[in-house]
Amino acid sequence: MKKLVLAAAFIVTGSFAMAQQVNPQDKKIHRKEMNEKMKLKQQERIAEMQKELNLNDSQVAKIKSLQEKRKADMKAEFEKNKGQRQAKMEQMKAKRQQMDNEMKSILSPEQYDKWQVSRKAKMEERKAMMKERGMKHDRKMMAKPQSGTSI
C-alpha cells in the first residue's frame, strides 16, 4: 500500500513538473502580450479620465508624460534594487539547502523521500492557488465598471 501511494505521488509530481515547463520563446510572447495589454489599459484609463474630468489635449499630454516619467522611475528603482533581491534569494536558497541537509540527517531515506514528495506537492498547490488568484485578479481588471455608479 505504501509503495502504491508513493508511486502515485511520484507520478503526480512528475506530471506537474512536465506541465510547468515553459520555453523562453513562450515567455517572450507572454511578456509582449502583457506589455500590449498594459499599454491598452493605460490608454483606456486616460480616455476615461479625459471624459470624466473633461480634460483638454494639453492636460492629457501632461498626464501621459507624468505617467511615462513615473514608469521610468519605477524601472530605475527596480534595476537599483536588483542586486539586493538577488542576494536575498541566494541567502534564502542557502537556508533552504541547510534545512534540507539537516532533515536528511534526521530522517531515514524513505522518510526523506516521502517528505520531499510532500513538500513539492505543497509547493505545486501554492503555485496553482497563486495562479488562480492571478486569474481572478485579471478577470476583475477586465470587468468594466458600470457607468453612473459611484463608490
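The values are calculated or read from the model by the stated rules, or taken from the named source; none is laboratory data. A quick note: this is a predicted structure, and the numbers were derived from the prediction, not measured. Note that we place each Cβ from the backbone using ideal geometry, even for glycine, and neighbour counts take in every protein chain shown. Surface accessibility is based on the protein's heavy atoms, side chains included, excluding ligands, DNA and RNA. Shrake-Rupley method; radii C 1.70, N 1.55, O 1.52, S 1.80 Å.
Here are a few things to note about the model shown:
- Shown are M129, M103, M123, whose ranking by accessible area with a 1.4 Å probe and every protein chain present, most to least, is M129, M123, M103.
- For L55 and R126, the FRET efficiency from 1/(1 + (r/R0)^6), where r spans their Cβ atoms and R0 equals 35 Å, is about 0.20.
- Using θ = phi - 60° and Karplus 6.51 cos²θ - 1.76 cosθ + 1.60, couplings along the stretch 120-133 (whole Hz; Gly, Pro as x): 5, 5, 5, 5, 5, 4, 4, 4, 5, 5, 5, 5, 4, 4
- Partner lysines for K114 [C-alpha distance under 19 Å; skip if fewer than 8 residues away on the same chain]: K2, K3, K104, K122
- When the C-alpha to C-alpha distance is required to be over 25 Å, the pairs from K27/K82; K27/K80; K37/K71; K95/K127; K82/K127; K37/K120 that qualify are K37/K120.
- E102 sits with roughly 100 Å² accessible to a 1.4 Å probe, with DNA, RNA and ligands left out of the calculation.
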